[in-house]
Amino acid sequence: MIRKIIAGATALAAVTGFSVMNAPAANAYAYWKNGYFYGDTSYSNNVPGVYAKVVGRRDVGRQLYYMTLTLTDTRTDSQRGALRVRGYDKTTGKWLAYYSLAMVNGNAGTARPYSVTFSTAKIDRIILQDGIYGKTYGTNSVTLFNR
């Protein structure tokens, strides 16, 4: 049942310009509800012990994408959990927007949600990745916006 719901949400997301890239349906989620997009990075092959959640919406008239990001580190160790959001422009082939967030220390916990806004006037794609601060980010990503 859950897989059918996620598959339906992914199909809806693909029609509306949002999708989960390389994310097995059993682990990650991405869906629309009441005009908002909900997604997370708890997919396989991500950085172990770290995940990010996003609630986002696009304002087409103003060409803005609003998102609220929450980062969680599930392990207490010397590594600091992190996330990054990037906006890509196909015309120039460059990342035009960038935002990152890292845990204060290596303790397990959840950071307070942060609100971020990207302009979609030139950005064609926005992705979210989780990782370890100063070291690596997961090879998979959640696509928040794709024109």
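Numbers below:
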read-out: Spacing of the two label points (7 Å from each Cα toward its C-beta) at THR92 and THR136, in nm; value: 3.1 nm
read-out: Intensity falloff of segment 27-119 expressed as log10 I(q)/I(0), Debye formula with alpha-carbon point scatterers, at q = 0.11, 0.15 Å⁻¹; value: -0.36, -0.66
read-out: Apportionment of accessible area to carbon and sulfur, segment 54-134, percent (1.4 Å); value: 47 percent
read-out: Point-to-point label distance, LYS122-ASP59, nm (Cα→Cβ direction, 7 Å offset); value: 2.0 nm
read-out: Probe 1.4 Å, accessible area per residue of segment 32-147, Å²; value: 51 Å²
read-out: Theoretical FRET efficiency, 1/(1+(r/R0)^6), r = Cβ-Cβ of ALA108 and TRP32, R0 30 Å, to 0.05; value: 0.45
read-out: Burial ranking of peptide ranges 47-54, 31-38, 134-141 (average Cβ count within 10 Å, highest at the top); value: 47-54, 134-141, 31-38
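The values are calculated or read from the model by the stated rules, or taken from the named source; none is laboratory data. Because the structure is a prediction, the values reported are computed rather than measured. Don't worry about glycine lacking a Cβ; one is built from the backbone with ideal geometry, like all the others, and counts go over all protein chains shown. Side chains are part of the model used for accessible areas, which takes the heavy atoms of the whole protein and leaves out ligands, DNA and RNA. Shrake-Rupley method; radii C 1.70, N 1.55, O 1.52, S 1.80 Å.
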